Amino acid sequence: MNFLMKLCLFVCGAFLAGIIFSGCGSTQEPIFTDNPSAPAMTSAPTNDLASTTDAGAARFSSGETVTVSSTTGSDADPGPIASPGQPFLIADDGTITLPLVGQIRAAGKTPGELQDEIQKLYVPQYYIRLTITVTAQSRVYYVGGEVNHPGPEVYIGQTTVTTAIQAAGDFTQFASHKVWLTHADGTRVKVNVDKALKDSTQDPAIFPGDKIHVERRIF
């Protein structure tokens, strides 16, 4: 097979990958696939249980947006061709809907876990050479009230109330050491920071979208 023919095949593959990841939630079966024996479109299982790997990494939750991008080809061929990343909103049931494979559970998974699962659904069923990459938008939590640097903080995994307050510049001189933690689902927890510093079991973990409010002391 000459170079021009190879190049033509990989351009077609890249075009198809772009079609697959264009339009959130599209489930139309393409006219062509990289794998001539590709099955018809199916609905993938939602996988209720998330993998336990990457325990320290941030995990997705409903309402967040994940970006899925793909690369066709390999370095040994005319060259890998990347398609633009396509955003997918995680629905209330914790799933995203991908072309060809249907629904897949995203909530509760790390970017690496979700990336590996999507890769297995597309290769080799639909593509012989396709690399999937999953990324997340900036994920933040919020610290407000009597801290020196109130506002959003980037979530980098394994964060607790005390470490979040320290990241926000620690307490002001007027701060009460009893603070409120409000999770993204609306659940509120009162935390005694003095106890949390002595006993890690009293120091709740926080996640993207959570809010910490440090009250002003009365006296």
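FYI, it's all coordinate maths here, none of it is from the lab. Values in this document were obtained by computation on a predicted structure and should not be read as measured data. Quick reminder, even Gly has a Cβ in these numbers, built from the backbone with ideal geometry, and neighbours come from all protein chains shown.
Sorted ascending by nearby beta carbons within 10 Å, beginning with the fewest, 88, 219, 60, 174 become 219, 174, 88, 60. For the range 94-198, a simple Cβ point-charge model (Lys and Arg +1, Asp and Glu -1, everything else neutral) yields a dipole of about 220 debye relative to the Cα centre.
In straight-distance terms, cross-link reach from residue 190 covers every one of the lysines whose alpha-carbon lies under 28 Å from its own, apart from those fewer than eight places away in the same chain; here that gives 109, 178, 198, 211.
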